[in-house]
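The values are calculated or read from the model by the stated rules, or taken from the named source; none is laboratory data. Every value quoted in this text rests on a predicted model; they were computed, and no experiment measured them. We place every Cβ from the backbone using ideal geometry, glycine too, and count neighbours over all the protein chains shown.
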Amino acid sequence: MRKLIYLTLIGLTSIACAGNESESNESETAKADSTEVVKVAHPEDDIDHHTLSNYTEVRTKHLHLDIAVSFENKQITGTATHTIENITGADHIDFDTKGLNIIAVTLDEGEAGEYTMGEYDELLGTVLSVKINENTEKVSIQYETTEKTEALDWLMPAQTAGKVEPFMYTQGQSIFTRSWIPVQGTPAIRITYSAKVTVPKNLMAVMSASNPVHKNETGIYEFDMPQAIPCYLVALAVGDLEFAEIDHRTGVYSEPSMLKDCAYELGDMGNMVNEAEKLYGNYLWDRYDVIVLPPSFPFGGMENPRLTFATPTIIAGDRSLVALIAHELAHSWSGNLVTNSTWNDFWLNEGFTVYFERRIMEAMYGKDYTDMLALLGYQDLMRTMDEETTDMQSLKLQLMSKHPDDAMSDIAYEKGYFFLRLLEQTAGRDNFDVFLKNYFDSYKFKTITTEEFRTYLVANLIEPYKLEVNIDEWMYESGLPDNCPQVISTLFNGVEANLEQFYKTNDVKKSIHASNWTTHEWLHFIRNLKEGTTPAQMAMLDAEYHLTQSGNSEVAAIWFEKSINFGYNKIDKELEAFLVKIGRRKFLMPLYTALAATPEGKEKAIAIYKKARPNYHYVSFNSIDELLGLK
Ligand SMILES: [Zn+2]
């Protein structure tokens, strides 16, 4: 997934990570500020504590869904049939549910099943326990979703691009699938699935599976996912959709009015798959398509296999934000092919994916471009290090009673990335690439813990090449180790020189030479506007570069944040429109945080939020309710 966390700011520096001469002072300061090093003990077991199911005794192998989607009732109803494997001869199988009504349970060819529901747990939901015997092969659960669902987002026509038809999509990661399907809600086991989905006749359904390319007249769509996946990757979207092909194995779905723009923006996708294959082996999921969702989608992208779900905020008109697609595509190897066994090991999904994403971007757009991405990522990591408590700063986490979404910070993404970059630098790129390709091949369609990866790493990279790397410090300790690799971006150095000149001369035209700047140079520039920048200086920049009107969501979001911080209020109309339209949590959180920093700002935030909240998905409004003290 990409990406929950804030776009951020640290001091002016183009050097990532400590250990470098003069320019790295900022990094050293950031490190020194974090408190004492906290070690996370190696766990006693690799059990997933975020499921109530007994998956180590008996487990689902295949799931068949026969469901109907009702927009009138905002409800999914139907049957989930689990084909099971009884490993220990268990006399019951436990499923995770959350906010589901269970109507009936049958076994095998229709005999009535006995079941009980457990106590409701705020974090994990309610266990559904079904009596079985050792010969039971199938468990069918008739159920319906309720308004308490956390996975489903039901959009009114007004919230779509076309404004005529409603829209619905699911978000399964991390533990939300149980709120639209009764499942064993753990990434530790993999299932194949098939589905028959009935939707209103004028709409099309698509899933993380084999997909239709046209609407049909019946409103009934059938799906097959023959490759085994963790259940958080079962995904469904329903809307007024059309498909455009990009090449023989890639394409894009979106509402008709957006399709041309989406197909242009994602035009490089076929090449991206080719470059990814050259790096780390064949793409094993048949097709790679993307669906561009309405703006309420709370994330940048979600790597649902065969069909990435993506935010429309990447449609910038100039392909400048497609690193996000490289990220989701990379998950076809790290995450979807080789999956974290528990959410404590989330960095195995995300750190590897950020590394792979940047290698794809380097292959396609060059090293300068990728260095900028890495440095922006480093800035994110530094802010996260300042904000996260020390027990959440190690790669391996002990989440236990915490929500797994708490693991979705830049520690997993960027600290994970810099660890792999260190391994690459230490072993040499060629050796590391061979190692990584073999790793994906050895663990394909499997799940893995940090400890299993550690063993594999030592046996296949550290020992053969006699490397000395502090791998336990990286994996199990808080803070950022001193040997974090450094990234230097000459392009960003140029931006910083312009910025310095601007503050010296107070003259936009003389100091800033931005005609060839990429989005990333602009992001670096705006992020590094100094504390104490005056509203008049902001107005000068705005008059010259029209940043308040930027159609690039990344640029607009950071510009709005800085404007709020510096008391530049010529953005109010555009800020409100942005917050009401867009539901991507990465943008919302910093903006509401900045507004809420003053009493007047907080009033403004609450007024805007009242209008905007109905447009947001659960994962976004859940966070913002808390931020604004509304729950
Ligand atoms: Zn991701």
Condition check for MET372: on the phi < 0 side of the Ramachandran plot, surrounded by 21 or more Cβ atoms within 10 Å (Cβ to Cβ) and more than 16 Å from the ligand (Cβ to nearest atom): yes
Yes/no for ILE411 being under 19 Å from GLU473 (Cβ atoms), among the β-branched types (Val, Ile, Thr) and within 16 Å of the ligand (Cβ to nearest atom): yes
Residues that are hydrophobic (A, V, I, L, M, F, W, C) and touching a His at 6+ places or on another chain (Cβ under 9 Å): does the stretch 166-173 have at least one? no
Where in the stretch 507-624 are there helices (runs of 4 or more DSSP H), lying fully within it, with 2 or more residues that are of a type in the set (A, V, I, L, M, F, W, C) and not assigned by TED's automatic domain parsing to the domain that holds ASP405? 519-527, 535-545, 553-565, 572-581, 585-595, 599-612
Residues that are closer than 28 Å to GLY110 by Cα and not assigned by TED's automatic domain parsing to the domain that holds PHE621: does the stretch 169-177 have at least one? yes
Within the stretch 340-358, of all residues that are β-branched (Val, Ile, Thr) and under 20 Å from GLY300 (Cα atoms), the one farthest from the ligand (Cβ to nearest atom) is VAL354
Suppose the filter is loosely packed, with under 14 Cβ neighbours inside 10 Å and of a type outside the set (Ser, Thr, Tyr); does GLU144 pass it? no
Residue under evaluation THR88, criteria (1) surrounded by fewer than 18 Cβ atoms within 10 Å (Cβ to Cβ); (2) in contact with a Ser or Thr (Cβ under 6 Å, 6 or more places away or on another chain), criterion not met: (2)
Flag if VAL292 is touching a Cys at 6+ places or on another chain (Cβ under 6 Å) and either more than 15 Å from the ligand (Cβ to nearest atom) or in the same structural domain as PHE418 (by TED's automatic domain parsing) (or both): yes
For ASP406, the lone unmet condition from (1) of a type outside the set (A, V, I, L, M, F, W, C); (2) more than 30 Å from THR490 (Cα to Cα); (3) crowded, with 23+ Cβ neighbours inside 10 Å is (3)
Kindly indicate whether any position in the stretch 249-269 is out of contact with any Gly (no Cβ under 8 Å at 6 or more places or on another chain), surrounded by fewer than 18 Cβ atoms within 10 Å (Cβ to Cβ) and closer than 30 Å to TYR55 by Cβ. no
Just to be sure before I move on: is THR390 within 16 Å of the ligand (Cβ to nearest atom), in contact (Cβ under 8 Å) with a residue 12 or more places away in the chain and among the hydroxyl-bearing types (Ser, Thr, Tyr) in the structure I sent? no
In the stretch 543-587, how many are over 26 Å from GLY377 (Cα atoms) and over 27 Å from the mean Cα position of the chain (by Cα)? 9
Test for GLN171: is it crowded, with 20+ Cβ neighbours inside 10 Å, touching a residue at least 24 places away in the same chain (Cβ under 8 Å) and under 21 Å from VAL580 (Cα atoms): yes
Would you pick out the residues in the stretch 85-128 that are assigned to a strand (DSSP E or B), more than 16 Å from GLN142 (Cβ to Cβ) and of a type in the set (Phe, Trp, Tyr)? none
Being among the aromatic types (Phe, Trp, Tyr), away from the ligand (no atom under 15 Å from the Cβ), touching a strand residue (DSSP E or B) at 6+ places or on another chain (Cβ under 8 Å) and outside the structural domain of LYS437 (by TED's automatic domain parsing): is that true of PHE243 here? yes
Quick check: anything in the stretch 15-37 at pLDDT 65 or above and within 30 Å of GLU531 (Cβ to Cβ)? yes
Qualifying residues in the stretch 519-556 (those that are polar (S, T, N, Q) and surrounded by fewer than 17 Cβ atoms within 10 Å (Cβ to Cβ)) - the one farthest from PHE578 (Cα to Cα): THR534
Filter the stretch 414-436 for residues that are under 17 Å from TYR280 (Cα atoms) and within 16 Å of the ligand (Cβ to nearest atom) and give the result. TYR417, LEU420
In the stretch 189-222, what residues are crowded, with 21+ Cβ neighbours inside 10 Å and in contact with a strand residue (DSSP E or B) (Cβ under 6 Å, 6 or more places away or on another chain)? ILE189, TYR193, ALA195, VAL197, VAL199, ALA205, VAL206, MET207, SER208, ALA209, TYR221
In this structure, does ALA330 turn out to be within 16 Å of the ligand (Cβ to nearest atom), among the aliphatic types (A, V, I, L, M) and either at negative phi or not assigned by TED's automatic domain parsing to the domain that holds ASP430 (or both)? yes
Those residues of the stretch 573-603 which are touching a residue at least 24 places away in the same chain (Cβ under 8 Å) and of a type outside the set (A, V, I, L, M, F, W, C) amount to GLU574, GLU576, LYS581, GLY583, ARG584, ARG585, LYS586, PRO590, TYR592, THR593, GLY601, LYS602
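Being under 14 Å from LEU491 (Cβ atoms) and acidic (Asp, Glu) is the filter; apply it to the stretch 363-397 and report the residue that is farthest from the chain's Cα centre (by Cα).
Ranking the candidates gives ASP368 first.
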